[in-house]
Amino acid sequence: MADKYKVIVNELELELKRMRSEGKTKLPSEMDLCSAFSCSRQTVRAALDVLLAKGLIVKRAGSGSYIADDVFANRTVYFLTEDTDRYETPALISGIRSELEPLGYDLRVFPTQGSYNEERNILLNVMEERPVAVIIEPFRDLIPDPNDRLIEEIMSYGIPVIYCNSAHTVSGANYAVPDFRKAGKLLTEELIGNGKTNIACIFQADSSSGTERYQGYIDALADSGITFDETRCLLINYQDKKDFISGDSKHISRFVSEKLKDCDSVICQDGMTAHQLISLLHRNGISVPDDITVACFDNGFYSSRSGEEMVTLGLNSDLIARSVSGLVRSSAEGKRPKNIVMNF
């Protein structure tokens, strides 16, 4: 019975959401549930007791089980992201909000500031408020997140979690993510097509977006018959990138002075990194784009600034917003949505 009743609990949680979206409140009888799940009445009652303990249903003597009045009434969607002012984020927030608000959802955005402690505080609020869904855009996703267990607990209460721009999720969560590896390949191929052969790169190694783009870079070089040179590759972590963007350029300054002199191009993790790199190159007497071409993955503010000629590749933020919003809507309605990988 142990495994069976847990399966029934999961199925009924989805069914409750579907019922609520259709305006229904009364669950099938215990006998009907026994028939539907091909199990004993004892197993069905064990599953209903779990739903009762979670506050998802109420039992009325002589009438049966009903969805609790306040369950799924909350139409708030939480969005956890590193920084609400980060160059691409405002457009993403606006896009998600414009998709969800006409459907009656209220998007609330919470910056984590790249802090696991702050992320935890926000997730604890989720436990109290019980929003209809949670969107998480991790600031790094290739090292263990100490809040994963808390996220799993949130999901155990029937609150769907959707990861944005990352396929590295806790078990059972959905995700919408660009094909970062293909992006890395395409951008490198564009430089090669423009006659560049000594291509350097700066990628964030504790983020799947960085490692996948790096793999695409390697793929493109191999396909073009260009020998890979690891000395032209700088792999940084999240803190390195924050320090560089804030003006502390010691780590990357050494790379520029020692390695970029013989390179004709460099691919950066994102537009902010590219913007800072261009300033650093100018201070080192290296002209962009005359001496070296700077490329990045971005379609935001930094990649379009006048006077900074970058080669850029980015997905339209509206596409990401539609994909994430679609997962939120489907999950909130009790459906089992498929994960989304967006093509360039």
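The values are calculated or read from the model by the stated rules, or taken from the named source; none is laboratory data. On a predicted model such as this, the values are computed, not experimentally measured, just so you know. Cβ sites come from the backbone with ideal geometry, for glycine too, and all protein chains shown count toward neighbours.
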Segment 219-243, subset over 23 Å from the mean Cα position of the chain (by Cα) and surrounded by 15 or more Cβ atoms within 10 Å (Cβ to Cβ), residue farthest from Asn284 (Cα to Cα): Asp219
Positions within segment 139-165 being touching a residue at least 60 places away in the same chain (Cβ under 8 Å) and under 23 Å from Gln239 (Cβ atoms), in sequence order: Phe139, Arg140, Asp141, Leu142, Ile143, Cys164, Asn165
Residue match in segment 277-288 (condition: on the phi > 0 side of the Ramachandran plot and outside the structural domain of Thr197 (by TED's automatic domain parsing)): no
Selection count where residues are under 27 Å from Arg20 (Cα atoms) and surrounded by fewer than 19 Cβ atoms within 10 Å (Cβ to Cβ), scope segment 73-92: 4
Count of residues meeting criterion [modelled with pLDDT of 95 or more and on the phi > 0 side of the Ramachandran plot] in segment 166-213: 1
Failed item, numbered, when Thr227 is tested on (1) touching an Asp or Glu at 6+ places or on another chain (Cβ under 6 Å); (2) of a type in the set (Ser, Thr, Tyr); (3) more than 18 Å from Arg86 (Cα to Cα): (1)
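Can Lys6 be described as surrounded by fewer than 16 Cβ atoms within 10 Å (Cβ to Cβ) and in contact with a Leu (Cβ under 9 Å, 6 or more places away or on another chain)?
Taking the combined requirement at face value, the residue does not satisfy it.
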When residues of segment 160-179 are limited to those that are part of a loop (DSSP other than H, G, I, E, B) and in contact with a Phe, Trp or Tyr (Cβ under 9 Å, 6 or more places away or on another chain), the one farthest from Leu14 (Cα to Cα): Asp179
Any chance Ile267 is within 23 Å of Glu82 (Cβ to Cβ), over 26 Å from the mean Cα position of the chain (by Cα), modelled with pLDDT of 90 or more and surrounded by 19 or more Cβ atoms within 10 Å (Cβ to Cβ): no
Sole exception among (1) crowded, with 22+ Cβ neighbours inside 10 Å; (2) modelled with pLDDT under 90; (3) within 26 Å of the chain's Cα centre (by Cα); (4) aliphatic (A, V, I, L, M) for Val256, by number: (3)
Residue within segment 226-249 that is under 16 Å from Val311 (Cα atoms) and touching a strand residue (DSSP E or B) at 6+ places or on another chain (Cβ under 8 Å) present: no
